[in-house]
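Take a look at the structure set out below.
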Amino acid sequence: MKKISILLLSVLTLVGCNRNRIPELTEEEQNQIVADARVLLSKYTEQADIPENEWPNSFIKFEPVIVKHSYSGIVIIRYKFVSHESGFMIPKKKGMVLESDQSVGYEKISNDLYYYWIPNEH
């Protein structure tokens, strides 16, 4: 039983690490994600989950589990497990700089496109 628990934990850790890896994006893909997010920001003015049938193809490619309009922008959640999640963030305001802190990490991919993660310790 102990071996099964260790094996399961190892598999979950590997899956989690893989989801934290920032996908390689062409400049065209980066621009399309940001452009599609801007359309959603203008269409959905309230903070809410965006229905799957409204997800643009540029988002679907990354197999999100949730896409939402948050207080800070469009969030494309690629992975969510208990207290950990990661995905893309497109800030509401063009040119807004997102900085990591203890509760969330950000890595800038391009102007107005970030990869974020919320660590397990949060």
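The values are calculated or read from the model by the stated rules, or taken from the named source; none is laboratory data. Please read all numbers here as calculations on a predicted model, not as lab measurements. Heads up, the Cβs are rebuilt from the backbone with ideal geometry, glycines too, and the neighbour counts pull from every protein chain shown.
Given Ser58, Ser100, Ser83, Ser42, which one is in contact (Cβ under 8 Å) with a residue 24 or more places away in the chain and exposed (fewer than 14 other Cβ atoms within 10 Å of the Cβ)?
Values: Ser58 fails: exposed (fewer than 14 other Cβ atoms within 10 Å of the Cβ); Ser100 fails: in contact (Cβ under 8 Å) with a residue 24 or more places away in the chain; Ser42 fails: in contact (Cβ under 8 Å) with a residue 24 or more places away in the chain.
Criteria check complete, one pass: Ser83.
Give me a count of the residues in the range 82-122 that are touching a Phe, Trp or Tyr at 6+ places or on another chain (Cβ under 7 Å), among the aliphatic types (A, V, I, L, M) and under 19 Å from Leu25 (Cβ atoms).
Residues meeting the conditions: 4.
For the range 25-40, what are the residues that are among the aliphatic types (A, V, I, L, M), modelled with pLDDT of 95 or more and either within 17 Å of the chain's Cα centre (by Cα) or within 17 Å of Lys108 (Cα to Cα) (or both)? Explain how you work it out, then say what you get.
If we filter the range 25-40 for residues that are among the aliphatic types (A, V, I, L, M), which is where we start, we get 25, 33-35, 37, 39-40.
From what is left, the residues that are modelled with pLDDT of 95 or more are 33-35, 37, 39-40.
Passing the criteria: Ile33, Val34, Ala35, Ala37, Leu40.
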Inset, instruction - Return the total of residues in the range 86-97 being among the aliphatic types (A, V, I, L, M) and surrounded by 15 or more Cβ atoms within 10 Å (Cβ to Cβ). - result: 2
Legend entry - Residue in the range 56-65 that is among the hydrophobic types (A, V, I, L, M, F, W, C), at pLDDT 90 or above and in a strand (DSSP E or B) present: no
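Condition test on Glu99, is it at positive phi and in a loop (DSSP other than H, G, I, E, B)? Steps first, please.
Numbers: at positive phi: no; in a loop (DSSP other than H, G, I, E, B): yes.
No: the conditions fail for Glu99.
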